[in-house]
Structure formats: structure tokens, C-alpha cells
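Only one structure is covered here, and it is reproduced in the block below.
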Amino acid sequence: MKKAILSAVCAALLLPFGGAMAQEADAGPGQPDVKPVGDWFVRCFPIESPSPCDMFQELDSPTTKQRVLTISLAYVPSMDRHAIQIIVPLEIAIQKGVTIKTDTYTSPVFKYRSCDRNGCKVGPMLVDNSLAVSLAKSSSESGKVNIVADNGKSYGLNFFLKGFTAAHDDMVAQARAKAKAKPADAAAPSP
């Protein structure tokens with residue numbers, strides 16, 4: 001059962017990331033509903049899923065306009081757990097993994113799952129809820145995703161925490177509401 005839920009969570013988190021997702025607009029059929037909350041975006045997909053909503057941040061280099069970091073955190077109500085996906089640029093030391101660090105928290109090392117033309121990915125994977133709690137309690141305005149390049153040089157990719165708690169609370173509330181909602185009976189017999 002847990003493996004099936006994790007597979008569904010992974011499938012939901014693997015839905016495309018992109019700059020267009022970061023625009024607040026009315027969601028059309030099959031399109032996610034996305035709204036900004038501080039430095040984060042809360043996104044809910046119109047699908048039946050163990051984790052129909054996530055909160056994410058996508059950061060681009062100011063000079064090259066290339067994406068340097070995508071971080072997505074989802075909540076799985078049926079397991080009362082979080083799932084994370086992180087995407088970083090190519091040319092990293094795969095065996096070193098990544099860590100998330102704030103003024104009061106350092107995550108365990110997260111291992112890369114795969115790399116493709118869009119970057120190298122951690123997850124999607126279930127994580128301990130302490131990650132979300134710690135990010136919410138941080139007194140800092142930012143955190144870092146620490147990576148190591150192929151040449152051995154370490155880099156801290158900044159992400160921002162403004163609005164984290166509000167985005168998290170909204171995402172969790174929407175995920176719980178969607179989990180409790182019963183889908184309409186499309187196969188109701190006609191009179």
C-alpha cells in the first residue's frame with residue numbers, strides 16, 4: 001500500500017515544472033490552480049492523487065536566465081508525511097547528493113535520483129515532517145540547497161522563505177480537503 005501511495009506521489013510531483021506555472025491565472029480544464037504566497041507558489045492539480053497539491057519555488061540565474069533551482073514540497077494526507085523534489089543544474093558530483101540548510105536546520109544528505117537535460121533531480125521522495133517544521137521555524141529569510149560540482153567546488157543555491165508558513169498551511173489544507181472530497185459519480189444510472 002505504501003509503495004502504491006509513494007508511486008502516486010512521485011507521479012504527481014513529476015508533473016511539469018515551468019515558468020508558466022508561476023503565473024496566477026484561472027485554472028482551465030486539466031490545468032493546475034496556482035497562486036503566489038510570498039516567495040512560494042501553491043499549486044493544486046485537478047487529479048485524484050494522494051498528494052494533489054504542492055508548494056514550489058523556481059529560481060533563475062539573474063545573468064543567464066537559466067534555471068538554477070526548483071524545490072517542491074508536497075503533503076500526503078493519508079500518510080501524514082511530506083514529499084520533496086529538488087532539481088539542480090547539470091555537472092554536479094552525483095555521489096555527493098544535496099543538503100538543505102537554514103540558520104537552525106541541516107537536512108540529511110539527499111541522493112540524486114536521475115539527471116536529464118533539465119538538470120539533476122532529488123526525489124520525489126518522502127521526507128520526515130521535521131523538514132517542513134524546521135523551515136517554518138527558521139528566523140532567516142533564506143535557506144540554501146548545498147551541492148558539489150564535478151570539479152569538487154561546493155555551492156549554496158539560495159531559496160527564499162518569505163511566506164513559507166502561509167504557503168505550507170494553505171497547501172496542507174487544500175491537500176486534506178481534496179483527500180476528503182468524494183469524486184462525483186460520473187456513472188450514475190439515468191432515470
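Select from segment 57-141 those trypsin sites (Lys or Arg not before Pro) which occupy a DSSP coil region and have at most 15 other Cβ atoms within 10 Å, ordered by residue number. Those that pass, being in a loop and sparsely packed, are Lys65, Lys111, Arg117. Phi angles of segment 95-107 translate, via the Karplus equation with coefficients 6.51, -1.76, 1.60 and θ = phi - 60°, into HN-Hα couplings of 5, 7, x, 10, 10, 10, 9, 10, 5, 10, 8, 9, 6 Hz per residue; Gly and Pro are given as x. Cross-linked pairs Lys101/Lys153; Lys35/Lys162; Lys101/Lys121; Lys111/Lys178; Lys111/Lys162; Lys65/Lys101: Cα-Cα separations exceed 20 Å for Lys111/Lys178; Lys111/Lys162; Lys65/Lys101.
Once you reduce segment 36-61 and segment 124-148 to the center of their Cα atoms, the two points are 16 Å from each other. For Ala132, the shell of other residues with beta-carbons less than 14 Å away shows a net charge of -3, using +1 for Lys and Arg and -1 for Asp and Glu. May I ask you to list the GluC sites (Glu not before Pro) in segment 42-141 that are in a DSSP loop and have at most 15 other Cβ atoms within 10 Å of their Cβ? Sparse-neighbourhood loop GluC sites (Glu not before Pro): Glu48, Glu91, Glu141.
Only the coordinates and a few stated rules stand behind these numbers; no lab work does. All values reported here derive from a predicted model rather than from experimental measurement. Positions of Cβ are generated from backbone atoms using ideal geometry, with glycine treated the same way; all protein chains shown enter the neighbour counts.
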